[in-house]
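Nothing in this text is a laboratory measurement; each read-out follows from the coordinates by a stated rule. Bear in mind the structure is a predicted one, so any value in this text is a computation, not a measurement. Cβ: placed from backbone, ideal geometry, glycine included. Neighbour counts: every protein chain shown.
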Amino acid sequence: MSRVALVTGGTRGIGAAISVALAQAGRRVIASYAANDEAAQRFQAETSIPVLRFDAGNFEECRLAHDRIVAEHGPVEILVNNAGITRDATLAKMTRDMWDAVLDTNLGSCFNLCKLTFEDMRSKKFGRIVNIGSINGQAGQYGQVNYAAAKSGIHGFTKALAQEGARFGITVNAVAPGYIDTEMVRAVPPDVLQKIVARIPMGRLGRAEDIARGVAFLTADEADFITGSTLSINGGQHMY
């Protein structure tokens, strides 16, 4: 029987590409989303990948969703923590609500879903967890102290949890995307985007599929000796 995979934020952008790549690899994928019903239903219709709406930053919503997934599909063996939001502002203008929203969604979601799935992975002596970090969690970014803190936290979380999971056959890794050609990046003013691309040695933005291939590699059954690592996929923009 194919392994059950949950991809949070899995119906748009990088998450959608990851969901599709895992499905193509023979995984039984469930893609979660937080709010955009229209996009989620369109994704499900186009890919036949089931979608499930819940707030990955809310532990109780995660618990209910996890219990439903287990009942309908079986225990989650592959978890991709991709859910993320931005609430950008300089520290002088950032509110505590903006800070909390980003930390809860981007980092808190990793705790929530790992907490809920880890015991079944331990019991089965198999698990693949991939947490989606960011180049801005490695290098920092002006106006993103909340986002950079959350993504940097993901990298530390990954290394610590990898040590807990290793003897149970659970690998825990991170992928740190650079600037990817998604809806969020395309919203950047053209002159600013041009300057960003100029700093990328490969001379282009990344594609969502570039990230998806990295995730598919790290979640393969054969990737059992890779844990606690961060795979940077950024076109050479930041060599960490």
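Run lengths n ≥ 4 of DSSP H only: what is the helix-derived mean residue ellipticity at 222 nm for the chain, with -39500 (n - 2.57) per run over all residues, to the nearest 500?
-14000 deg cm²/dmol
With θ set to phi - 60° and the Karplus curve 6.51 cos²θ - 1.76 cosθ + 1.60, what are the ³J(HN,Hα) couplings of the stretch 197-212 in order, to the nearest whole Hz, using x for Gly and Pro?
4, 5, 8, 9, x, 6, x, 7, 6, x, 10, 4, 5, 4, 6, 4
Which residue, 235, 146, 127, has the largest displacement toward the positive end of the dipole of the stretch 105-240 when charges sit on each Cβ (Lys, Arg +1; Asp, Glu -1)?
The one lying farthest along the dipole's positive direction is 146.
Could you give the length gained on full extension between residue 64 and residue 225, defined as 0.36 nm per residue of separation minus the Cα-Cα distance, in nm?
Contour length minus the Cα-Cα distance gives 54.7 nm.
Compute the distribution of all C-alpha to C-alpha distances in the chain, in bins of 10 Å from 0, and list the percent of pairs in each, rounded to whole numbers.
For the chain, the binned pair fractions read 8, 33, 38, 17, 3, 0 percent.
Which whole-number percentage describes the relative contact order of the stretch 87-240, with Cα contacts under 8 Å and a sequence gap of 6 or more?
Relative contact order, the stretch 87-240: 26 percent.
What Kirkwood hydrodynamic radius, in Å, does the stretch 178-240 give when the mean of 1/r is taken over all pairs of distinct Cα atoms and then inverted?
Averaging 1/r across every pair of different Cα atoms and inverting gives 13.1 Å.
Mind checking Rg over Rh on the stretch 127-235, alpha carbons, Kirkwood formula for Rh?
That ratio is 1.02, to two decimals.
Give the distance, in whole Å, between the Cα centre of the stretch 20-73 and the Cα centre of the stretch 100-127.
Cα centroid to Cα centroid, the span is 15 Å.
What's the FRET efficiency of residue 122 with residue 191 using the Cβ-Cβ distance as r and R₀ = 35 Å, to the nearest 0.05?
Taking R0 as 35 Å, the efficiency between residue 122 and residue 191 is 0.10.
Select from 62, 162, 99 the residue farthest towards the positive end of the dipole of the chain; place +1 on Cβ of Lys and Arg, -1 on Cβ of Asp and Glu, and compute about the Cα centre.
Projecting each Cα onto the dipole axis, the largest value belongs to 162.
Under a plain spin-label model, where a point goes 7 Å from the Cα along Cα-to-Cβ, how far apart in nm are residue 91 and residue 204?
Roughly 3.9 nm, to one decimal.
Could you give the size of the charge dipole of the chain about its Cα centre, using +1 on the Cβ of each K and R and -1 on the Cβ of each D and E, expressed in debye and rounded to the nearest 20?
Dipole magnitude for the chain comes out near 440 debye.
May I ask which of 124/151; 115/159; 93/159 have a Cα-Cα span longer than 23 Å here?
124/151; 93/159
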